[in-house]
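In what follows, a single structure is set out as structure tokens and then discussed.
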Amino acid sequence: MTPMPTATLVARDWAEIQERMLVPLYEAVYDRLEVGPGDRLLGLDCGAGLPLLLAAGRGAVATGVETDPARRALARERLLEVLAAPPTAPPANRPYDALLAFSPDPAALAAALPAVRRGGAVVLADWGPAERCTVPSVLGGGPAPRDLDALVEGAGLWPDGSGRVFCPFGYADVDSAVRGLLSTRLYDGAADPALAEKELAEALHPYERPDGAVWLPNIFRYVIARVA
């Protein structure tokens, strides 16, 4: 049997281990927007499609954008519509009601905004305060949180509320935690990936519970804005 490519293995770790950690964030946002039947959603950086599945479960029509080919392939296995790049115009003259950017990139956000109807919601989310987030503050996972309010202002949107959501990252053991965290791509810049994996495993030991499980508390912040 041909070994599975590394990128595919990492994408599967995201889909099978890590993606579910953000379900509280997705659900809180959908509750806030009252997502329901007939709503049209566009999700940027949608991973293997779990946020789309949750929206579809509420009756919404959800389309995703994912640049990683391996993650995009897994999302399509779930019979989801996932694009390689955001649309720059309303699809078939039916603009989206909401744009979800849980890991907002300014360029991708700007490209997608024309596809959202006037008055439509734009949701941005990122890590919360450093002292409330284990992963970026203790484990050194990625850059500082983005200034979501500045992104809203820079995109010409008008703010319409915000919130914080508790998203603990819980794993069965250290090995699962390392695989899940590496699948986030927060550690892709390491000069020596093997050393980074070893150091990450060591950093996780203080968060092990007596049964071997790993528990990493985190807070995420989201903001809701509207297209003028």
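The values are calculated or read from the model by the stated rules, or taken from the named source; none is laboratory data. Because the structure is a prediction, the values reported are computed rather than measured. Note: ideal-geometry Cβ built from the backbone for every residue, glycine included; neighbour counts use all protein chains shown. Areas reflect the complete protein model, heavy atoms only, side chains present, ligands, DNA and RNA absent. Shrake-Rupley method; radii C 1.70, N 1.55, O 1.52, S 1.80 Å.
Within the stretch 53-80, the residues that satisfy the criterion of being over 22 Å from Glu34 (Cα atoms), open to solvent by 60 Å² or more (accessible area, probe 1.4 Å) and not aliphatic (A, V, I, L, M) are Thr67, Pro69, Arg76, Glu77, Arg78. Taken over the stretch 159-177, the residue count meeting the criterion of being of a type in the set (A, V, I, L, M, F, W, C) and open to solvent by 20 Å² or more (accessible area, probe 1.4 Å) is 3. Restricting attention to the stretch 96-109, the residues that are under 14 Å from Gly64 (Cα atoms), surrounded by fewer than 20 Cβ atoms within 10 Å (Cβ to Cβ) and modelled with pLDDT under 95 add up to 2.
When Thr88 is tested against (1) open to solvent by less than 60 Å² (accessible area, probe 1.4 Å); (2) touching a helix residue (DSSP H, G or I) at 6+ places or on another chain (Cβ under 6 Å), just one condition goes unmet, and that condition is (1). Taken together, the residues in the stretch 84-103 that are in contact with a Lys or Arg (Cβ under 8 Å, 6 or more places away or on another chain) and in a strand (DSSP E or B) amount to 3. Being crowded, with 20+ Cβ neighbours inside 10 Å, in contact with a strand residue (DSSP E or B) (Cβ under 9 Å, 6 or more places away or on another chain) and either without any contact (Cβ under 8 Å) to a residue 40 or more places away in the chain or not in a helix (DSSP H, G or I) (or both) is the requirement here; does Val29 meet it? So Val29 fails the test. Screening Gly140, Gly212, Gly180, Gly189 for residues that are surrounded by 17 or more Cβ atoms within 10 Å (Cβ to Cβ), more than 18 Å from Pro106 (Cα to Cα) and out of contact with any Lys or Arg (no Cβ under 7 Å at 6 or more places or on another chain) leaves exactly one candidate, Gly180. In the stretch 36-49, the residues that are at positive phi reach residues that are part of a loop (DSSP other than H, G, I, E, B) and of a type in the set (Gly, Ala, Ser) with C-beta atoms within less than 9 angstrom, at least six apart or across chains, in these pairs: Gly38/Gly59; Gly38/Ala60; Asp45/Ser103.
Of all residues in the stretch 84-112, those that are closer than 21 Å to Ala48 by Cβ have Cβ atoms under 7 Å from Cβ atoms of residues that are of a type in the set (D, E, K, R) and modelled with pLDDT under 90, 6 or more apart or on another chain, in Pro104/Arg146.
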